[in-house]
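The values are calculated or read from the model by the stated rules, or taken from the named source; none is laboratory data. What you are looking at is a predicted structure, and each value in this text was computed from that prediction instead of being measured. For neighbour counting, all protein chains shown are included, and Cβ atoms are generated from backbone atoms with ideal geometry for every residue, glycine included. SASA here: full protein model, heavy atoms, side chains in, ligands and nucleic acids out. Shrake-Rupley method; radii C 1.70, N 1.55, O 1.52, S 1.80 Å.
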Amino acid sequence: MTDYLPLGRSEKMPRSIWLAPLSVMLGSMTTLLPVVATVPFLPPFGLLLLLAWRLMRADAMKVWMPVPLGFFDDMLSGQPLGSAMLLWSAAVLMVDVLDTRLVWRDFWQDWLIASGAIAFVLIGGRLVAVPFTAHVDTALLIQILVSAALFPVVARFCAWLDRDKKRQ
C-alpha cells in the first residue's frame, strides 16, 4: 500500500523545525559561560535568536514556543520564574501583530522591530527582577544598545543555519 503525501509536503521533516528551538536553547545557555564583568553587557542571546528566527522564518516555530523556551531561559538565567515566559511571548505576539500590519519588510524594519522587542523585554525584566531604587539604568541602556547592535549578526547566523532550506 502506498502512502500519499498532501500537496506541498515533503517526506523529510524540515530541519528548521528542530534547529530553531535548539539554537534558541543554546543561545540561552550562553549565560553559563564564565564571563567576569562589572556591568552586565552580555546580550540575551536566546531572545536574539528567537526574534531572528521569528522575523526571518515565521513558520520555523509554533506560536506557543516562546513559553517553553522562556521557561528554559528562566531556569538558566536566574530571572524570576515566568518572567521570560511572559515577556518573550508578549514580544513575539507584538512582532506577529506588526507582521500582519506591514505589507512588506526589509532589513532596516526587521532591525527596528527587533530592537524595540529587545528593549521591551530587557526593561520588563528589569521591572520584574530588580527593585526600583537600584541604579541599574545605565547598565540596562548599555545592554540594550549592545543587543540591538548585535542583532544583525545573530540574524545572519540564523540565515546561515537555515541555508539549505531550498534543498528540503
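If you go through the stretch 90-113 one residue at a time, do you hit one that is open to solvent by less than 60 Å² (accessible area, probe 1.4 Å), of a type outside the set (Ser, Thr, Tyr) and under 20 Å from Val130 (Cβ atoms)? Scanning the stretch 90-113, I find at least one residue that is open to solvent by less than 60 Å² (accessible area, probe 1.4 Å), of a type outside the set (Ser, Thr, Tyr) and under 20 Å from Val130 (Cβ atoms), so the answer is yes. Put simply, of Ala60, Ala84, Ala52, Ala114 the only residue that is in contact with a Cys (Cβ under 8 Å, 6 or more places away or on another chain) and within 17 Å of Gly27 (Cα to Cα) is Ala52. Report yes if Ala91 is small (Gly, Ala, Ser) and touching a Ser or Thr at 6+ places or on another chain (Cβ under 6 Å), otherwise no. Taking the combined requirement at face value, the residue does not satisfy it.
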